[in-house]
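Let me begin by presenting the structure, written as structure tokens, before commenting on it.
Every number here is computed from the coordinates shown, using simple stated rules; none is lab data. Model, not experiment: these values are computed from the prediction. Please note: Cβ atoms are built from the backbone with ideal geometry, for glycine as well, and neighbour counts cover all protein chains shown.
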Amino acid sequence: MVRIGRILSPAVFTLAVFLLFTGCAKREAEIKVGEYGSLTGSTATFGISSKNGIELFVDNLNASGGIGGKKVHVLVEDDQSRPEEAATAVNKLIAQDGVVAVLGEVASSRSLAAAPICQNAGVPMISPSSTNPKVTEIGDHIFRVCYIDPFQGMVIAKFARNTLHFSKGAVFRDNKNDYSVGLANYFTESFKGMGGTIVADESYSEGDQDFKAQLTNIKGKKPEFIFVPGYYTEVGLIARQARELGLTVPMLGGDGWVSDRLLEIAQDALNGSYFVNHYYEGDPNPIVQSFVQSYRKRYNATPDGLAALAYDAAGVLTNAMRQLSTQDANAFEALSGPPNADQKAARTRLTTLIAATKDFPGVTGRISLDEHRNAVKPAVFLGIEKRSYKFVATVEP
Ligand code: PHE
């Protein structure tokens, strides 16, 4: 070493040592991304649709070469539709698997359970579809690519009041579900602000099977509609039991109704009802149509709003990763490197790049994140007729 040091100039010597060391450091061939979702349990279609959307996006990305010479590898954890399991899943993805970023969850209560873990670890998390405002308030590493519930509640109230000309509504909420409680409150506030009255406000808990007592109370108050901001399994049962009790008024719902299973459960009970979604598969926009076609080809099913949002969440994340790889190859490498200061700095840079997302061309619309890390997007109204969906309107923010 001493001899070499004498022969080579100090600068060249330093470079040789540097190359020796970096040559020895293992270069990761893939970039690991975690995904957690409800692949089983009461909201299994949420997790399955989201997984399909992410898989479709990432497989296409990898087929066209990946990012900065690396393939993206998505590690998926099933949280069984339970908040405690969501926290466990994300802990494992970060601490054991060493993922660089996390995609998920759909349900706000589960995103709220897991987001603090991402925030504390400095790992960016993008929820495709959790709409409760509290989710991104957890901290500066937490993002979403969907609109939030104050907006959703307001557009549903406007639709009830100005389009359907209703003035007396009932609310039937899931009182253990952050999304449902929040959306019920935002809706109520807006509807009252527009001169409407809420004549009944009843609640249930996820997993309940019998809703007749509450529906009987609601019926006694003679509302013109019932707002049910819940998830599809209970919504389907509620609709059927309402009709059995002779309560025939339309039901209105939020994005929690989005599922292939909704009308299988409700059968004809939701004809004449309306709900809000994040996109419409019949939208002639070529971005939407090419997504719908490739999804159908691969899964033999029509992508729902969750598949579309998850596809977009993967798009926003990998777009930021690509920017980092072209701006600074070392930082991009450090993202997947050993847990040290460089890795930490690289993850902070990734977070900063996600936060700067502007006009990303998503299937669910152009995605720009605001200063609270939320997307500002249009809502889509769908109606249900003869057990099928029809497009009603798109409402711009
Ligand atoms: N917005 C719901 C929540 O925050 C989740 C959801 C989104 C469900 C879109 C279905 C479709 O809990």
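Can you list the aspartates and glutamates whose alpha carbon is less than 17 Å from that of LYS386, not counting same-chain residues fewer than 8 positions off? Candidates past the 8-residue exclusion: ASP260, GLU264, ASP268. Here's how it looks for CYS146: its modeled amide H is under 5 Å from those of ALA375, which are all 5 or more places away or on a different chain. Put in order of Cβ neighbour count within 10 Å, fewest first, the listed residues MET194, MET154 become MET194, MET154.
The relative contact order of the range 149-277, computed from alpha carbon pairs under 8 Å that lie at least 6 residues apart in sequence, is 25 percent. In whole Å, how far is the Cα centre of the range 60-82 from that of the range 145-202? With the range 60-82 and the range 145-202 each reduced to a Cα centre, they are spaced 37 Å. In the chain, the calculated helix contribution to ellipticity at 222 nm averages -14000 deg cm²/dmol per residue, counting -39,500 (n - 2.57) for every DSSP H run with n ≥ 4. For ILE67, nonlocal amide neighbours, meaning residues 5 or more places apart or on other chains whose placed amide H falls under 5 Å from its own, are VAL72. Taking each of LYS32/LYS358; LYS92/LYS158; LYS297/LYS390; LYS51/LYS221; LYS32/LYS134; LYS70/LYS297 in turn, the alpha-carbon distance tops 32 angstrom for LYS92/LYS158; LYS51/LYS221. Using only the alpha-carbon atoms, how far is helix 305-327 inclined from the longest principal axis of the chain? Give it as 0 to 90 degrees, nearest 10. That helix lies at roughly 20 degrees to the long axis. Measure out, as a whole number of angstrom, how far apart the alpha-carbon centroids of the range 279-303 and the range 326-397 sit. Centre-to-centre distance over Cα atoms comes out at 19 Å.
For a quick check of your reading of the filter: which trypsin sites (Lys or Arg not before Pro) in the range 257-328 sit in a DSSP loop and have no more than 12 other Cβ atoms within 10 Å? Before the final figure, lay out the partial values.
Details: sites: ARG261, ARG296, LYS297, ARG298, ARG322; in loops: ARG261.
Sites meeting the loop and neighbour criteria: none at all.
Phi angles across the range 232-247 convert, under the Karplus curve 6.51 cos²θ - 1.76 cosθ + 1.60 with θ = phi - 60°, into 3J(HN,Hα) values of 4, 5, 5, 4, x, 5, 4, 4, 5, 5, 4, 5, 4, 8, x, 8 Hz, Gly and Pro given as x. From the Cα gyration tensor of the range 149-277, with a ≥ b ≥ c the square roots of its eigenvalues, which class applies: rounded if a/c is under 1.5, or else prolate if a/b is larger than b/c, or else oblate? Rounded shape, in that the Cα axes give a/c under 1.5. Across the range 77-175, C-alpha contacts under 8 Å between residues 6 or more apart give a mean separation that, scaled by the residue count, equals a relative contact order of 20 percent.
Applying the Karplus relation 6.51 cos²θ - 1.76 cosθ + 1.60 with θ = phi - 60° to the range 280-297 yields 3J(HN,Hα) values of 10, 5, x, 4, x, 3, x, 5, 5, 5, 6, 5, 4, 5, 5, 5, 4, 4 Hz, where x marks Gly and Pro.
Highest mobility in the GNM of the chain, judged by mean-square fluctuation with C-alpha springs under 10 Å and restricted to GLY47, GLY256, GLY196, is found for GLY196.
For the chain, calculate the relative contact order in percent as a whole number, restricting contacts to Cα pairs under 8 Å that are 6 or more residues apart.
Here the relative contact order equals 16 percent.
Relative to the longest principal axis of the Cα atoms of the chain, the long axis of helix 108-121 makes an angle of roughly 20 degrees. Using a Gaussian network model of the chain in which every pair of alpha carbons under 10 angstrom is joined by a spring, one finds that among GLY169, GLY254, GLY272 the greatest mean-square fluctuation is at GLY272.
The H on the amide N of PHE225, modeled in the peptide plane, is under 5 Å from the matching H of ALA170, each at least 5 residues off or on a different chain.
Candidate cross-link partners of LYS222 among the lysines, defined by an alpha-carbon separation under 18 Å and a same-chain spacing of 8 or more, comprise LYS168, LYS192, LYS212. Relative to the longest principal axis of the Cα atoms of the chain, the long axis of helix 149-158 makes an angle of roughly 30 degrees.
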